[in-house]
2 protein chains.
Amino acid sequence: MAAMARVIESRRRNTRTKTGAVLSAELIVDAALSLVGEHGAAALSVRRLGAAIGCDPTAVYRYFASVDALFLAMADRLIAQALEGFEPGGDWKANLRAIAERTYGVYVAHPRVATAVASRVTGGAHESRVIDLVLGELHRAGFAGEQAVRLYRSFGDFVLAFSAVDADFLARPDEVRAADVQRWQDAYSDVDPGQFPHLAAEAPIVVAHAESSTFAFCLELLLDRLEALAA
Amino acid sequence: MAAMARVIESRRRNTRTKTGAVLSAELIVDAALSLVGEHGAAALSVRRLGAAIGCDPTAVYRYFASVDALFLAMADRLIAQALEGFEPGGDWKANLRAIAERTYGVYVAHPRVATAVASRVTGGAHESRVIDLVLGELHRAGFAGEQAVRLYRSFGDFVLAFSAVDADFLARPDEVRAADVQRWQDAYSDVDPGQFPHLAAEAPIVVAHAESSTFAFCLELLLDRLEALAA
DNA sequence: GTATTCTGTCAACGGTGTTGACGGTAAATT
DNA sequence: AATTTACCGTCAACACCGTTGACAGAATAC
């Protein structure tokens, strides 16, 4: 945990809160994750977090220098959660796919954490583990050195970027999401073939694809390219 | 403009603001874009926007139902800006690459807009144009129907997701960004080879790649895969 | 010339992250 | 065991944020 910067860490005392709770960084991360799990990403604020734990909201700042630091700690916990029970099989491509889908899954469930960490480093232990895992599969595929690092970075950034964006979309209120789909259909159900010939030609298919995410398909494109490179 | 939902549009009157300005949706979008250009993404708020224009902040709500709607309008303007002066050459792969890089460029300069629109539809005219452009290149490459649509969606989501994430990172205060790079180096400059053998093996290269974005490299992987599929 | 609708202004609400002072309490020191 | 020290939970407050509803003047319509 030494590398988890900006987390205030030192010996803790057994001081109790007004309602009797004994605080710790782990407990706060737990509470934050379950708060999001139960009431959605929008429910996560320092005040609500304090209410859920049973302490003054500002007590959180005794353990994390900012909510950003809290998000990083949550992210590392999420990585652990994503890898829980994962057993690499024989196929490196299938393993990478599984890692991507598991990571995508947990981040999509925690949009604000995903956004906060998408382009960054938690510095936590579980992050090191997943990087080692990915690099291991790439090594087995035959990549090494500079190329392996570039590919692992691309793979990681790809997964995180899609996770963050999709999470952001899914976390929107239902009405906003519905309005988006509606706008999509309005815009492309009646395209002028003179102005936009190619779009008009595919319009029905475009409209039909309004709601689905392209993550899985795009991931497959990436993995297929890796396979071609490995050969 | 009819499809640009949530923009309040009707005949406008010539009423002047206290400082003499005559408001319009276009003027507000202009002001918002230049506000971000001059003072950074964090400078964009309804209050500061009003101050920059020379009107009461809440006057913005006479033209846009919410800041989200304003962001969508800004996004469509940015698409136009990205495509300005673009002339497709003979190579569809090069054209797609150019479109991707131009789009990436404008969105990276406007992080909040990028985040707001990454997984969504502006419904604006310029958006239709860029989709038609991309679909046109894919048609020329030999793709059609379901596959062409899937590929265009993947391409678009890919570019937007990377743009949003990279924009978010670059928009962070310098100190936060520096702390991130530092944390990266701390975490991976001294890895235990027993625990994380693959990571330890590549550690020096990983550390060296701390700051660079993988967008261009990852885009090339995607385009290469498209090329293979087209053949 | 009157009526109506538009639209800029104002005050206010409820929310956010964060800071600094205060004081009791647990641990460290003597 | 007594005293000092450092911690850390609490409280009040600051400076923001997006958004709403009432109000009134001004431009258009009749």
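The values are calculated or read from the model by the stated rules, or taken from the named source; none is laboratory data. Keep in mind it's a predicted model, so treat the numbers as computed, not measured. When we count neighbours, we look across all protein chains shown, and the Cβ atoms used for this are built from the backbone with ideal geometry, even at glycine. For accessibility, only protein heavy atoms count, side chains too; no ligands or nucleic acids. Shrake-Rupley method; radii C 1.70, N 1.55, O 1.52, S 1.80 Å.
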Exercise for the section: Spot the failing condition for B:S119; the list is (1) open to solvent by 20 Å² or more (accessible area, probe 1.4 Å); (2) touching a helix residue (DSSP H, G or I) at 6+ places or on another chain (Cβ under 6 Å); (3) away from chain A (no Cβ under 14 Å), and only one is missed. Expected result: (3)
Problem - Residues located in the stretch A:175-202, provided they are closer than 18 Å to B:D157 by Cα, surrounded by 16 or more Cβ atoms within 10 Å (Cβ to Cβ) and among the hydrophobic types (A, V, I, L, M, F, W, C) - result: A:W184, A:A187, A:L199
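Take the residues in the stretch B:126-159 that are closer than 24 Å to B:E26 by Cβ and facing chain A (nearest Cβ under 9 Å); name whichever of them is surrounded by the fewest Cβ atoms within 10 Å (Cβ to Cβ).
So the first thing to find is which residues in the stretch B:126-159 are closer than 24 Å to B:E26 by Cβ, and the list is B:126-133.
Filter again for facing chain A (nearest Cβ under 9 Å), leaving B:127-129, B:131-133.
Values: B:E127: 22, B:S128: 23, B:R129: 17, B:I131: 23, B:D132: 20, B:L133: 20.
If we take residues in the stretch B:126-159 being closer than 24 Å to B:E26 by Cβ and facing chain A (nearest Cβ under 9 Å), then B:R129 is surrounded by the fewest Cβ atoms within 10 Å (Cβ to Cβ).
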Completion exercise
Taking the stretch A:28-48 and keeping residues crowded, with 18+ Cβ neighbours inside 10 Å and touching a residue at least 40 places away in the same chain (Cβ under 8 Å) leaves A:I28, A:V29, A:A32, A:L33, A:V36, A:A41, A:L44
Completion exercise
Among residues of the stretch B:44-58 being in a loop (DSSP other than H, G, I, E, B) and either of a type in the set (A, V, I, L, M, F, W, C) or under 13 Å from B:T19 (Cβ atoms) (or both), the residue nearest to DNA strand D (Cβ to nearest atom) is B:L44
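If only one of A:A114, A:A69, A:A51 is within 11 Å of DNA strand C (Cβ to nearest atom), buried (at least 18 other Cβ atoms within 10 Å of the Cβ) and modelled with pLDDT of 95 or more, which one is it? Give the derivation first.
Numbers: A:A114 fails: within 11 Å of DNA strand C (Cβ to nearest atom); A:A51 fails: buried (at least 18 other Cβ atoms within 10 Å of the Cβ).
None of the other options fit; the residue is A:A69.
Does at least one position in the stretch A:74-94 carry a residue that is within 14 Å of chain B (Cβ to nearest Cβ), within 14 Å of DNA strand D (Cβ to nearest atom) and either under 17 Å from the mean Cα position of the chain (by Cα) or more than 23 Å from B:R172 (Cα to Cα) (or both)?
Narrowing the stretch A:74-94 to residues within 14 Å of chain B (Cβ to nearest Cβ): A:75-76, A:79, A:83, A:88, A:92-93.
This time we only want the ones that are within 14 Å of DNA strand D (Cβ to nearest atom), so: none.
Checked against the condition, which is being within 14 Å of chain B (Cβ to nearest Cβ), within 14 Å of DNA strand D (Cβ to nearest atom) and either under 17 Å from the mean Cα position of the chain (by Cα) or more than 23 Å from B:R172 (Cα to Cα) (or both), the stretch A:74-94 yields no hits at all.
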Handout entry: Pairs where the first residue, in the stretch A:8-23, is on the phi > 0 side of the Ramachandran plot and open to solvent by less than 50 Å² (accessible area, probe 1.4 Å) and the second is at pLDDT 85 or above and assigned to a loop (DSSP other than H, G, I, E, B), C-beta under 9 Å, 6+ apart
Key = A:G20/A:G54
Completion exercise
Filtering the stretch B:208-224 for residues that are open to solvent by 40 Å² or more (accessible area, probe 1.4 Å) and within 23 Å of the chain's Cα centre (by Cα) leaves a count of 6
Practice task
Hand me the list of helices (runs of 4 or more DSSP H) wholly inside the stretch A:161-231 holding 2 or more residues that are at the interface with chain B (Cβ under 9 Å from one of its Cβ atoms) and in contact (Cβ under 8 Å) with a residue 24 or more places away in the chain.
Solution key: A:174-188, A:215-230
Handout entry: Subset of the stretch A:183-227 (residues that are farther than 22 Å from B:A141 by Cβ and of a type in the set (F, W, Y))
Key = A:W184, A:F215
Practice task
Mind telling me which of the residues B:F158, B:F196 ends up being among the aromatic types (F, W, Y) and under 21 Å from the mean Cα position of the chain (by Cα)?
Solution key: B:F158
